[in-house]
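Engineer: Structure incoming, see below.
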Amino acid sequence: MQQWDVIIIGAGAAGLMCAIEAGKRGRKVLVLDNGKRVGRKILMSGGGRCNFTNMYTSPENFLSQNKHFCKSALSRYTQWDFLALVQKHNVPYHEKTLGQLFCDDSAKDIVQMLMTEAKAAGVQIATQQHIQHVIQASTSSGTGTENENETETNGKADYKAGYIVKTPELSRHCHSLVVASGGLSLPNLGATAFGFQLAEQFGLNVLPLRAALVPVTWQPADKAIFEEISGVSLPVTVEANGTVFPEDMLFTHRGLSGPAILQISSYWQPGDDITVNMSPQTDISEFLTTQQQAHPEQELKTALSKLLPKRLVEKLLEMQVITNQPLKALNNKSMQNIANSLHGYIFKPNGTEGYRTAEVTIGGVDTNELSSKTMAAKQHDNLYFIGEVVDVTGWLGGYNFQWAWASGWVAGQYC
Ligand code: FDA
């Protein structure tokens, strides 16, 4: 049986960072991945340019049942630490917007940087590995345990602590096992439920999972109306369950997308409304009053088309959210009514596009089961969970990678 100090399952952002740090400590590290290539989500992230961190990262940018859990890792390996690594490797980057840092050229630069660091740290990586099961080698009975690593010493059983990872070809023993197999989004990119199942196998609680940072879909009645304006986008604020995001919203054939909708999807639950302010910068009632004074004969749709995309205004007329008429026909109350409907337009999504297009998975390994200092399971020696498999989910904008780097870095100091 092969012997390793550390086996890491998942050669994504968190797994590679953890491997580098453990390797630097002189640990003999093997990373196992089911895919042909490492870092596949990194490669396709940020439209191929990888939004690798966010300058304004703070614990407030994360969802978790325990909002305090992420604080330790995020404060010990910060966005500035990752940026220093990027700079050390001369990877060209820029701030796109709102503190979001992207590669100038390609996400390949980030994967290359991690591979260079991993090589320097002596990390071994094996791809296309089909892990059949994992068993604990340290005890002789109980769920998820086996005594096959038991050796006879002077007639006495010597139980070697650790884990055995089995693939069809090999059994490998390790002292520390790190689970970095990510979430469920993009199953065609190799996402599996492996990490969640492994957590359950070892008796750890896994919180309910759902797709997040994901477009929402139309109810049939809305689809019939709005699919015709697919491609229209506008700056809005969106609100669900008391959380508000200001960003762009995009109408698509299937529903609503764009950064504002992806952000709010993490806070939206089936059955909830999403309230859209279609003109967050300009008070529509005041705007119409001014327009009325300047151009009393002007039609309402012409005036509103100065604020909103024309195709959207036409749809609102068709749906009788507004009625076209000369501005001079509007009184204060009717102007206020128009403003109210456009500042607080309510959509009731049918659902989301699900893991097929979601960027992340909300929920996962309950943080109550883990040490925030080490990312180790409290009830099992030398078993670690890092990255997206853990119930810590970032906003859109580089936060999810920062969590992957930080949690991977932390585990790498101890595993
Ligand atoms: P990650 O998913 O990166 O890695 C897990 C690895 O485990 C994968 O290589 C997988 O193949 C492997 N694996 C899974 N099951 C296995 C098994 N059974 N056996 C062996 N290996 C297994 N975030 C951000 O901050 N900025 C961005 O720009 C983007 N953009 C983006 C775009 C798209 C399209 C998606 C889907 C996601 C993003 N994200 C993002 C989110 C980000 O990609 C995600 O949060 C991190 O990759 C999570 O890192 P992990 O290492 O935890 O998992």
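Engineer: What single numbered condition from (1) assigned to a loop (DSSP other than H, G, I, E, B); (2) touching a residue at least 24 places away in the same chain (Cβ under 8 Å); (3) buried (at least 16 other Cβ atoms within 10 Å of the Cβ); (4) out of contact with any strand residue (DSSP E or B) (no Cβ under 7 Å at 6 or more places or on another chain) fails to hold for Ile338?
Structural biologist: (1)
Engineer: Right, next: Could you list all residues from the range 25-53 that are part of a helix (DSSP H, G or I) and either within 7 Å of the ligand (Cβ to nearest atom) or in contact with a helix residue (DSSP H, G or I) (Cβ under 7 Å, 6 or more places away or on another chain) (or both)?
Structural biologist: Answer for the range 25-53, where residues must be part of a helix (DSSP H, G or I) and either within 7 Å of the ligand (Cβ to nearest atom) or in contact with a helix residue (DSSP H, G or I) (Cβ under 7 Å, 6 or more places away or on another chain) (or both): Arg40, Lys41, Ile42, Leu43, Met44, Ser45, Gly46.
Engineer: Going through Gly203, Gly190, Gly231 one at a time, which residue ends up being buried (at least 17 other Cβ atoms within 10 Å of the Cβ) and either within 15 Å of the ligand (Cβ to nearest atom) or over 21 Å from Asp273 (Cβ atoms) (or both)?
Structural biologist: When all the criteria are applied, what remains is Gly190.
Engineer: Hey, can you tell me all the residues within the range 82-125 that are more than 25 Å from the chain's Cα centre (by Cα) and closer than 27 Å to Phe196 by Cα?
Structural biologist: Val123, Gln124
Engineer: Further question: Can you confirm whether Ala180 is over 17 Å from Tyr267 (Cβ atoms) and at pLDDT below 95?
Structural biologist: Taking the combined requirement at face value, the residue does not satisfy it.
Engineer: Quick check on the range 403-411. Is at least one of its residues surrounded by 19 or more Cβ atoms within 10 Å (Cβ to Cβ), on the phi > 0 side of the Ramachandran plot and away from the ligand (no atom under 11 Å from the Cβ)?
Structural biologist: Within the range 403-411, not a single residue is surrounded by 19 or more Cβ atoms within 10 Å (Cβ to Cβ), on the phi > 0 side of the Ramachandran plot and away from the ligand (no atom under 11 Å from the Cβ).
Engineer: Mind listing just one residue for me: the one in the range 54-72 that is polar (S, T, N, Q) and not in a helix (DSSP H, G or I) and, of those, nearest to Asp105 (Cα to Cα)?
Structural biologist: Step by step, filter the range 54-72, then rank; the result is Asn54.
Quick grid of which residues meet (1) under 22 Å from the mean Cα position of the chain (by Cα); (2) free of Cβ contacts under 8 Å to residues at least 12 places away in the same chain:
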position	(1), (2)
Glu239	yes, no
Leu250	yes, no
His253	no, no
Leu262	yes, no
Ser285	no, no
Glu297	no, no
Thr302	no, yes
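Engineer: Just the residues that are of a type in the set (Asp, Glu) and not in a strand (DSSP E or B), please, taken from the range 212-247.
Structural biologist: The answer is Asp222, Glu227, Glu228.
Engineer: Being modelled with pLDDT of 95 or more, within 20 Å of Trp395 (Cα to Cα) and touching a helix residue (DSSP H, G or I) at 6+ places or on another chain (Cβ under 8 Å): is that true of Ala240 here?
Structural biologist: yes
Engineer: Assess whether Ala19 counts as being part of a helix (DSSP H, G or I) and assigned by TED's automatic domain parsing to the domain that holds Val179.
Structural biologist: yes
Engineer: Which condition number in (1) free of Cβ contacts under 8 Å to residues at least 60 places away in the same chain; (2) crowded, with 18+ Cβ neighbours inside 10 Å; (3) of a type in the set (A, V, I, L, M, F, W, C) is the one that Met55 fails?
Structural biologist: That leaves (2) as the condition not met.
Engineer: Kindly provide the set of residues from the range 179-211 that are part of a helix (DSSP H, G or I) and not small (Gly, Ala, Ser), ordered by number.
Structural biologist: Once the filter is applied, which keeps residues that are part of a helix (DSSP H, G or I) and not small (Gly, Ala, Ser), the range 179-211 yields Pro187, Asn188, Leu189, Phe194, Phe196, Gln197, Leu198, Glu200, Gln201.
Engineer: Within the group Leu250, Leu262, which residue is closer than 17 Å to Ala358 by Cα, in a strand (DSSP E or B) and not basic (Lys, Arg)?
Structural biologist: Result of the check over Leu250, Leu262: Leu250.
Engineer: Can you tell me how many residues in the range 270-288 are touching a strand residue (DSSP E or B) at 6+ places or on another chain (Cβ under 9 Å) and among the polar types (S, T, N, Q)?
Structural biologist: Residues meeting the conditions: 4.
Engineer: Now for a separate question. Can you tell me how many residues in the range 331-360 are more than 16 Å from the ligand (Cβ to nearest atom) and either over 19 Å from the mean Cα position of the chain (by Cα) or among the hydroxyl-bearing types (Ser, Thr, Tyr) (or both)?
Structural biologist: 20
Engineer: If you take the residues of the range 107-134 that are in a loop (DSSP other than H, G, I, E, B) and more than 13 Å from the ligand (Cβ to nearest atom), which of them is surrounded by the most Cβ atoms within 10 Å (Cβ to Cβ)?
Structural biologist: Filtering the range 107-134 for residues that are in a loop (DSSP other than H, G, I, E, B) and more than 13 Å from the ligand (Cβ to nearest atom), the one surrounded by the most Cβ atoms within 10 Å (Cβ to Cβ) comes out as Val123.
Residue by residue, here is whether (1) crowded, with 18+ Cβ neighbours inside 10 Å; (2) among the charged types (D, E, K, R); (3) free of Cβ contacts under 8 Å to residues at least 40 places away in the same chain holds:
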residue	(1), (2), (3)
Ser265	yes, no, no
Thr275	no, no, no
Thr282	no, no, yes
Gln293	no, no, yes
Lys310	no, yes, yes
Leu317	no, no, yes
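Engineer: Looking for something in contact (Cβ under 8 Å) with a residue 40 or more places away in the chain, under 23 Å from Ile362 (Cα atoms) and either more than 13 Å from the ligand (Cβ to nearest atom) or not assigned by TED's automatic domain parsing to the domain that holds Arg49 (or both) - is there at least one such residue anywhere in the range 79-102?
Structural biologist: No - not one qualifying residue is present in the range 79-102.
Engineer: Got a number for residues in the range 361-402 being within 24 Å of Asp5 (Cα to Cα) and either more than 16 Å from the ligand (Cβ to nearest atom) or part of a strand (DSSP E or B) (or both)?
Structural biologist: 18
The values are calculated or read from the model by the stated rules, or taken from the named source; none is laboratory data. Quick caveat: nothing in here was measured; it's all calculated off a predicted structure. Reconstructed Cβ throughout: ideal geometry from the backbone, glycine too, with neighbour counts over all protein chains shown.
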